[in-house]
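In what follows, a structure is listed as structure tokens, so that the remarks can point back to it.
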Amino acid sequence: MGKYTLIQLKRLGKALVWAVPAMALLTVCLVLGAMAMLAGQSQEDSRTRFPIGIVGIPDSGMLRLGLSAIESLDDLGFAVDMQEFSEEEAEAALESGQINAYAVIPPGFVSAANRGEILTIRYITKANAGGMNTLFQQEVTAIISRLLLQSQKASFGAYAALEPYIGHEEANRVLNEFSEELAQYIFLRNRTGQVELLGVGDAPGFAEYMACGLAVTLALMAALSFAPMSVLQNAGVNILLRSRGRSDIGQSLIDYLVLFAGEVVCLAVLLLGVSLAIPQIKLSMLPMLPIAAMVAALAFLCYSWMRQLLGGVLLYFFTALAMALVCGCMYPVWFFPESIQRLAAVLPGGMARQYLTDFASGRSGSALWGLLGYSAAFLALALVGRVRRIRAGEVGA
Amino acid sequence: MSKPFAFVWLLGKRLLRRPGFLVLLALIPLLTLGYAAGTKGDAGVVTVALARDDQADPLAKATMEALPESSELIRFVLCDSRAEAADKVRYGKADCAWVFHAGMEENVKKFLRTRSAKDAFVTVYQREEMPLLTLARERLNMSVYEAMVRQLYLARLPEESQAMAQLSEQEKLAFWENTQIPGELFAYTQVDGYSQPESHLASPVRGLLAAIVLLGGLGSSMYHKRDEQSGTFRYLPYRLAWLPELVGGLWTCLALSLAAVAALAVTGMGVAWYKELLCALGLALACVCFSMALSRLLKPLSALAGALPVVTVAALVCSPVFLTLNPLKPVSYLMPLSHYLWAITDFSRLGWLAVYSAVCFALARIPRGKG
């Protein structure tokens, strides 16, 4: 083993002294989070709860029907917790995060409804960066709205049709009876569809997919730890070694291999922690090796072309973050339009995620070759940048 | 130029003369614009394949047509047959398939009589059960409910009046259709007037841009540690040793913050310009102070580098970038990203961003012990 290799291994050892405990800490946090989620799933009430304030609830049958309809959506896994407030209290509760939103039922809502007139309920949310929560709430309220309005339309349609023939009193009776009958069917609506589970087959399940996406994201982030070791801010040693006959390409390859080794150690810590704590998640080190090779090559490329530590860290983080987002590692890729899905399939992050999900579900695919191709291309480009700087004799940045 | 100004200017010049850094600054708005444009296409969280056994069945056709158009949550894909729809699910091209059985009108009438799940008239194919698919299924229930209400209405009228029995189906339905109801029961309002991005895919963009600013601060602190190792600022008196880290970090974070503001402006996701600029300034300051405090805590360069993945993941998970996770709220107070995102949604919280920066700066300035 050459002296340069020993020097680089020593630098790797210094980096790992901190990178390994940091990765272990991250693993512990992720494992605790995952275990809390798994424990939550086994509990009876594990639904995502949306606390919502209601302002101005009058004691009325129709309102009770509406509130029961909301409660009947509880089996969705998105339970709505309703709490009664005055508008000032609701505003304060929304501000403090006690509730996610509040609905203001306008005065005279019920008497207007009895005349067949529906007054609009104001639904007030506090905008935040969590777009998904808002999306789910809007979906739930849209469903409730449509169910209730269709019932109302049918009941008052029947009233309008019958009133000239049977008179106001009788038509009112029909309206009330028909409203109650329709309400029963709101609660029976789940019986109209028969669910057939086809099984996940050889494609990954949702949880498996997300675990693979998270593994790729963490693999990308782990390479940040080795930036100070790999950014060639001062090539003085390399120039000296070259002048003594040591190949500059050989030195750069050693730099890459040391970065790859660091990446492998970090991923091994992560997988060891996960497999010990949650045996249900089946990820082994073998499929992570080509991913580690690609991630190390990408990081090596960014670190080789940037002459400052800051630039190297920023360029790599920006690339890794963009790739993780677009390639379906943070959101499932099918959330995106077709064009982005096609782009993700050919990007290295998308291939890494695809390769891992293929491996986890026992399928064979071409993603491995793509990953190896990207690794070779990134490494070649990194070597060009690094060797060029050593040959140009750039001592410092 | 006076010495302090020259010092500040030289630190900035050292950064801004790097073409790589300038290219990176330009890439931030360009790639954000590309991402925002890319996510505007036809997308949905759940893809539903729709099919009917009898293509000529009028009620099945009407029910499928009554399903709302593809939304942010659900994207519908029409299929010609049950087999095609099931295959789409089987091979992962769709999350679920809803297949309407032949003879739907008769099926609905039978179900209304028996009210039994055995007489279900729609088959739902799924690979596995998930809360999201259950939520999507409520769209199907809603549409089928309308078909049931229609049948109940048509059956009820002749029971109540002989005159109704003389009317045609169209004449009876005319009373229903002429009943005026509002389009939506709920009118959505947001209290602070902050415009949420149209797409949930675009909503984390602001948080991710802020994460880049945070990494800029941490990277700058690492760069400063290298400067310390090489003795670049040895000439400065000890009491001013913190100055290059602060000024260098501010140059980096301000440049990145302004690139992020430009990115948000070109994609139409920004808020009022003065709020955006003040919050960007606050974010830059908070990220620099946070980085200085962390740098003070983790003295070796490799320690700070080792912390980068942890800090990044913690910032993205604990701050409300993707989701607001209430159990993690105590940790989110430690992250500059959370204070920035809260200040953007509620401008009165900008002061907290300043307080957070001051606390971090104070932590970074705790006198060092001997050695």
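The values are calculated or read from the model by the stated rules, or taken from the named source; none is laboratory data. This is a predicted model, so every value here is computed, not measured. Backbone-built Cβ (ideal geometry, glycine too); neighbour counts: all protein chains shown.
For the range B:292-319, name all the residues that are part of a helix (DSSP H, G or I), in contact with a Ser or Thr (Cβ under 7 Å, 6 or more places away or on another chain) and within 11 Å of another protein chain (Cβ to nearest Cβ).
Of everything in the range B:292-319, those that are part of a helix (DSSP H, G or I), in contact with a Ser or Thr (Cβ under 7 Å, 6 or more places away or on another chain) and within 11 Å of another protein chain (Cβ to nearest Cβ) turn out to be B:304, B:305, B:306, B:308, B:309, B:318.
Any residue at all in the range B:118-125 that's more than 7 Å from chain A (Cβ to nearest Cβ) and under 29 Å from residue A:177 (Cβ atoms)?
Checked the range B:118-125: at least one residue is more than 7 Å from chain A (Cβ to nearest Cβ) and under 29 Å from residue A:177 (Cβ atoms).
Which numbered condition in (1) within 11 Å of chain B (Cβ to nearest Cβ); (2) farther than 20 Å from residue B:224 by Cα; (3) modelled with pLDDT of 90 or more is the only one that residue A:292 fails?
(1)
Looking at residue B:276 and the list (1) in a helix (DSSP H, G or I); (2) of a type in the set (D, E, K, R); (3) over 26 Å from the mean Cα position of the chain (by Cα), which single condition is not satisfied?
(3) is the only condition that residue B:276 fails.
Write out, first by first residue and then by second, each pair whose Cβ atoms fall under 8 Å of each other, whose residues are 6+ apart or on separate chains, and whose first residue, in the range A:86-109, is more than 20 Å from residue A:136 (Cα to Cα) while the second is assigned to a helix (DSSP H, G or I).
So the pair list comes out as A:105/A:63; A:109/A:63.
How many residues does the range B:140-174 contain that are acidic (Asp, Glu) and within 27 Å of residue A:144 (Cβ to Cβ)?
Residues flagged as acidic (Asp, Glu) and within 27 Å of residue A:144 (Cβ to Cβ) within the range B:140-174 amount to 1.
Mind counting the residues in the range B:1-37 that are outside any loop (DSSP other than H, G, I, E, B) and among the charged types (D, E, K, R)?
Residues that pass the stated criteria total 3.
Which of (1) within 13 Å of another protein chain (Cβ to nearest Cβ); (2) more than 23 Å from the chain's Cα centre (by Cα); (3) surrounded by 15 or more Cβ atoms within 10 Å (Cβ to Cβ) does residue B:23 not meet, given it meets every other one?
If we test residue B:23 against (1) within 13 Å of another protein chain (Cβ to nearest Cβ); (2) more than 23 Å from the chain's Cα centre (by Cα); (3) surrounded by 15 or more Cβ atoms within 10 Å (Cβ to Cβ), just (3) comes out false.
Could you tell me whether residue B:246 is over 20 Å from the mean Cα position of the chain (by Cα) and closer than 30 Å to residue A:333 by Cα?
No.
Restricting the search to the range A:350-361, which residues are within 14 Å of chain B (Cβ to nearest Cβ), touching a residue at least 40 places away in the same chain (Cβ under 8 Å) and within 18 Å of the chain's Cα centre (by Cα)?
A:353, A:357
In the set B:348, B:338, B:332, which member is surrounded by fewer than 18 Cβ atoms within 10 Å (Cβ to Cβ) and within 12 Å of another protein chain (Cβ to nearest Cβ)?
The conditions single out B:348.
Looking at B:94, B:60, B:83, B:56, which is the one that is in the same structural domain as residue B:154 (by TED's automatic domain parsing), part of a loop (DSSP other than H, G, I, E, B), over 32 Å from the mean Cα position of the chain (by Cα) and not aromatic (Phe, Trp, Tyr)?
Working: B:94 fails: over 32 Å from the mean Cα position of the chain (by Cα); B:60 fails: part of a loop (DSSP other than H, G, I, E, B); B:83 fails: part of a loop (DSSP other than H, G, I, E, B).
Going through B:94, B:60, B:83, B:56 in turn, just one is in the same structural domain as residue B:154 (by TED's automatic domain parsing), part of a loop (DSSP other than H, G, I, E, B), over 32 Å from the mean Cα position of the chain (by Cα) and not aromatic (Phe, Trp, Tyr): B:56.
Please state which of the following conditions residue B:271 fails to meet, knowing it meets all the rest: (1) in a helix (DSSP H, G or I); (2) over 30 Å from residue A:213 (Cα atoms).
So residue B:271 meets the others, but not (1).
Pull out all pairs, ordered by first then second residue, where Cβ-Cβ is under 7 Å, the residues are six or more apart or on different chains, the first lies in the range B:148-172 and is modelled with pLDDT of 85 or more, and the second is surrounded by 11 or more Cβ atoms within 10 Å (Cβ to Cβ) and hydroxyl-bearing (Ser, Thr, Tyr).
Matching pairs, first to second residue: B:148/A:185; B:149/A:151.
Give me a count of the residues in the range A:323-342 that are within 7 Å of chain B (Cβ to nearest Cβ), surrounded by fewer than 22 Cβ atoms within 10 Å (Cβ to Cβ) and farther than 20 Å from residue A:208 by Cα.
Adding up the residues that qualify gives 3.
Suppose the filter is in contact (Cβ under 8 Å) with a residue 60 or more places away in the chain, in a helix (DSSP H, G or I) and away from chain B (no Cβ under 12 Å); does residue A:313 pass it?
Values: in contact (Cβ under 8 Å) with a residue 60 or more places away in the chain: yes; in a helix (DSSP H, G or I): yes; away from chain B (no Cβ under 12 Å): no.
Criteria not met by residue A:313.
The conditions are (1) at the interface with another protein chain (Cβ under 10 Å from one of its Cβ atoms); (2) at pLDDT 85 or above, and residue B:73 fails exactly one of them. Which is it?
(2)
Any residue in the range B:116-144 that's outside any helix (DSSP H, G or I): show its pairings with residues that are surrounded by fewer than 20 Cβ atoms within 10 Å (Cβ to Cβ) and aromatic (Phe, Trp, Tyr) at Cβ separation under 9 Å, as long as the two are six or more apart or on different chains.
Correct list of pairs: B:127/A:206; B:128/A:206; B:130/A:206.
For every residue, the table says whether it meets (1) farther than 30 Å from residue A:390 by Cα; (2) in contact (Cβ under 8 Å) with a residue 60 or more places away in the chain; (3) within 14 Å of chain B (Cβ to nearest Cβ); (4) touching a strand residue (DSSP E or B) at 6+ places or on another chain (Cβ under 6 Å).
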residue	(1), (2), (3), (4)
A:265	no, yes, yes, no
A:287	yes, yes, no, no
A:302	no, no, yes, no
A:344	yes, no, yes, no
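Considering each residue of the range A:364-374, count those that are surrounded by fewer than 19 Cβ atoms within 10 Å (Cβ to Cβ) and in a helix (DSSP H, G or I), and give that number.
The initial filter retains those residues of the range A:364-374 that are surrounded by fewer than 19 Cβ atoms within 10 Å (Cβ to Cβ), namely A:364-366, A:368-369, A:372-373.
From the residues that got through so far, the ones that are in a helix (DSSP H, G or I) too are A:368-369, A:372-373.
The number of residues fulfilling the criteria is 4.
Exactly one of (1) surrounded by fewer than 19 Cβ atoms within 10 Å (Cβ to Cβ); (2) under 22 Å from residue A:369 (Cβ atoms) is unmet by residue A:245. Its number?
Single failed check for residue A:245: (2).
Looking at the range B:239-257 only, could you name the residues that are in a helix (DSSP H, G or I) and surrounded by fewer than 17 Cβ atoms within 10 Å (Cβ to Cβ)? Even if it seems obvious, please write down each step before you answer.
Here is the first cut: in the range B:239-257, the ones in a helix (DSSP H, G or I) are B:239-240, B:243-257.
If the condition is that a residue be in a helix (DSSP H, G or I) and surrounded by fewer than 17 Cβ atoms within 10 Å (Cβ to Cβ), then B:239, B:240, B:243 are the ones that fit.
Conditions (1) at pLDDT 95 or above; (2) more than 19 Å from residue A:222 (Cα to Cα); (3) not in a helix (DSSP H, G or I), marked per residue:
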{"residue": "A:304", "(1), (2), (3)": "no, no, no"}
{"residue": "A:329", "(1), (2), (3)": "no, no, yes"}
{"residue": "A:340", "(1), (2), (3)": "no, yes, no"}
{"residue": "A:354", "(1), (2), (3)": "no, yes, no"}
{"residue": "A:362", "(1), (2), (3)": "no, yes, yes"}
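Are any residues in the range B:158-172 surrounded by fewer than 17 Cβ atoms within 10 Å (Cβ to Cβ) and part of a helix (DSSP H, G or I), and if so, which ones?
B:158, B:159, B:162, B:163, B:165, B:169, B:170, B:171
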